[in-house]
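J.: What follows is a single structure, and I will ask about it in a moment.
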Amino acid sequence: MENLQILLRQHVGKPCAPIVKVGDKVKKGTLIAEPTGLGANIFSSAYGVVEEITDEMIVIKPDEEQKDEFVPIEEGTPLEMVRAAGVVGMGGAGFPTAVKLDAHFEDGGYILVNASECEPGLKHNIQQIEEEPEKVIRGVKLCMEISGADKAIIAIKKKNRKAVEILDECLKDEPNITRQLLADIYPMGEERAVVRECLGIELEPSQLPSAAKSVVINSETCSRVAEAVDERKPSFLKHLTVRGKLNGGHDAHVFMDVPVGTSVGALIERAGGIDGEYGEIVMGGAFTGKSTTLDAPITKTTGAILVSMPFMDLHGASMGILVCACGGNYERMQELCKKYNAKEVSLCYCKQAQEMPNGSRKCERPGICPGQVSNNLQFKKDKCEYEIIGNCSDCSNTVMASGPKMGLKVIHQTDHIMRAVDHPLYRTLRVSKQVDQDLNVVDNVENN
């Protein structure tokens, strides 16, 4: 095994503080860093020796022989054990799960399970539901018990028929746990979109799901809750998808229970290695991920490693940047503009990309577009030849309704990745935004 680089910040909040020193021997599940405020415990993911400690990470040199056993967390209440295990949201920013679940619902509430596998091309959440549905459902029940919620809804895209059928069989004797079928559009996994689809409640960008008496939990996170309570297992493993321009084709490689701290390069090699020239490597999804390097380590929140097609060379063509809250921020879009060898001459924000106090942006109505004609007119006025967009399925559709008619050539921030995973490009919306909840009713849904 290569050295493991375990980052001290793998969650929302401040970096953790190391509690080990160089030369210490560690085991799987040894607590190596603790929160200094909002955060979550961090554990060794291998048997080995602490080789280096920096402000950003703890480097562990693994032993040649790796046992399956791990250091168990202490017994306690379910909430205490989830906190002790360092469980965080494994489908997004990594909010500490114990903080989310400490909801104290007293007169009814919901656990909403995000099993949408929102980012295109990813497969690990659906594969886990197909292979370990009992563990996920056990985690759902524990989340209900801890939070005081009396009902749970599992939100999953209708296109994942096998997983839905397995869930339906497992839930037939669970009257308080149901499922909600979602359309195959982005961003159905945004937590306010999950609330809207499951409960019919529109939350403001500044509101949390708690305003709708609900907690949104990723499906993998549910399984980690079950491991913490039932197995006393610390959180030091991650499910993820590796996909893209790889030897052997563009199909998804799903790796379950990967030790946190494993390098991007090691996982790409496990998936067959990079096939010739490529554009960039993205850690995370095509919409919300960031460019990364082969030696970067995965964390508790890493959902995917994607190897893209090479970038087209636009030879300095003028480009407008349209920033959407559902995709890359301005800095990410600037990075892509440069990688396409284009010249940024105009900047617009989607009118629903509301700026938050911390400087980030949230969509006012995720997945429902207000129209993009005014932004296209601005790009035309600024003499753009190209525009690069990071919009959701619906907003991309409205960009295409007017942009090309004005002579604008549209590039989506995901294009170089979608081509590498053999997924339709985000342009015209060809699927239903609503689906029938009867699995046997055929909707206008593309099967990607």
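The values are calculated or read from the model by the stated rules, or taken from the named source; none is laboratory data. Note that the structure is predicted; figures quoted are calculated from it, not measured. Cβ coordinates were reconstructed from backbone atoms using ideal geometry, including for glycine residues, and neighbour counts include every protein chain displayed. Each accessible area value is taken on the protein alone, full model and side chains, heavy atoms only, with ligands, DNA and RNA left out. Shrake-Rupley method; radii C 1.70, N 1.55, O 1.52, S 1.80 Å.
J.: Note down all Cβ pairs under 6 Å where the first residue falls in the range 145-156 and is within 14 Å of L171 (Cα to Cα), the second is in a strand (DSSP E or B) and open to solvent by less than 20 Å² (accessible area, probe 1.4 Å), and they're at least six residues apart or on different chains.
T.: Note: pairs meeting the criteria are A152/I111; A152/I177; I153/L112; I154/V113; A155/L182.
J.: Would you tally the residues in the range 401-431 being part of a helix (DSSP H, G or I) and of a type in the set (K, R)? Don't jump to the end; show me each part of the working.
T.: Filtering the range 401-431 down to residues part of a helix (DSSP H, G or I) leaves 401-402, 404-406, 415-420.
Then keep just the ones that are of a type in the set (K, R); that gives 405, 419.
Within the range 401-431, residues that are part of a helix (DSSP H, G or I) and of a type in the set (K, R) number 2.
J.: Still on this structure, please answer the following. Can you name the condition, by its number, that G108 falls short on among (1) of a type in the set (G, A, S); (2) open to solvent by less than 10 Å² (accessible area, probe 1.4 Å); (3) more than 21 Å from the chain's Cα centre (by Cα)?
T.: That leaves (2) as the condition not met.
J.: Something else now. Which one of S360, S346 is touching a residue at least 24 places away in the same chain (Cβ under 8 Å), polar (S, T, N, Q), surrounded by fewer than 23 Cβ atoms within 10 Å (Cβ to Cβ) and more than 30 Å from T241 (Cα to Cα)?
T.: Values: S360 fails: more than 30 Å from T241 (Cα to Cα).
Just one listed residue meets the conditions, S346.
J.: Against the condition within 30 Å of K28 (Cα to Cα) and either more than 21 Å from the chain's Cα centre (by Cα) or of a type outside the set (D, E) (or both), how does V242 come out, does it pass?
T.: Details: within 30 Å of K28 (Cα to Cα): yes; either more than 21 Å from the chain's Cα centre (by Cα) or of a type outside the set (D, E) (or both): yes.
Criteria met by V242.
J.: I'd like the full set of residues that are open to solvent by 20 Å² or more (accessible area, probe 1.4 Å) and outside any strand (DSSP E or B), limited to the range 136-157.
T.: Of the range 136-157, the ones open to solvent by 20 Å² or more (accessible area, probe 1.4 Å) are 138, 141, 144-146, 148, 150-151.
Correct list: R138, K141, M144, E145, I146, G148, D150.
J.: What are the residues in the range 85-104 that are touching a strand residue (DSSP E or B) at 6+ places or on another chain (Cβ under 6 Å) and open to solvent by 10 Å² or more (accessible area, probe 1.4 Å), if any?
T.: Once the filter is applied, which keeps residues that are touching a strand residue (DSSP E or B) at 6+ places or on another chain (Cβ under 6 Å) and open to solvent by 10 Å² or more (accessible area, probe 1.4 Å), the range 85-104 yields G89, G91, K100, A103.
J.: Another question, if that's okay. I'm told N41 meets every condition in (1) open to solvent by 50 Å² or more (accessible area, probe 1.4 Å); (2) in contact with a Gly (Cβ under 7 Å, 6 or more places away or on another chain) except one. Can you identify the failing condition by its number?
T.: Every listed condition holds for N41 apart from (1).
J.: State the number of residues belonging to the range 82-116 that are closer than 22 Å to I177 by Cα, touching a Gly at 6+ places or on another chain (Cβ under 7 Å) and not in a strand (DSSP E or B).
T.: 8
Residues are listed down the side, and each one gets a yes or a no for (1) under 20 Å from E145 (Cα atoms); (2) out of contact with any Ser or Thr (no Cβ under 7 Å at 6 or more places or on another chain):
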{"site": "V49", "(1), (2)": "no, yes"}
{"site": "E56", "(1), (2)": "no, yes"}
{"site": "E75", "(1), (2)": "yes, yes"}
{"site": "R83", "(1), (2)": "yes, yes"}
{"site": "L101", "(1), (2)": "yes, no"}
{"site": "G108", "(1), (2)": "yes, yes"}
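J.: Follow-up question, since we're still on this one. Looking at the range 160-211, which of its residues are in a strand (DSSP E or B) and closer than 30 Å to E364 by Cβ?
T.: T178, R179, Q180, L181, L182
J.: Quickly run through the range 9-34 and pick out the residues that are open to solvent by 50 Å² or more (accessible area, probe 1.4 Å) and touching a residue at least 40 places away in the same chain (Cβ under 8 Å).
T.: R9, P15, P18, K27, L31
J.: Go through the residues of the range 71-94 one by one and say whether even a single one is charged (D, E, K, R) and farther than 30 Å from K213 by Cβ. Spell out the reasoning first.
T.: Our first condition is that a residue be charged (D, E, K, R); within the range 71-94, this holds for 74-75, 80, 83.
From what's left, farther than 30 Å from K213 by Cβ: 74-75.
Yes, that holds for at least one residue.
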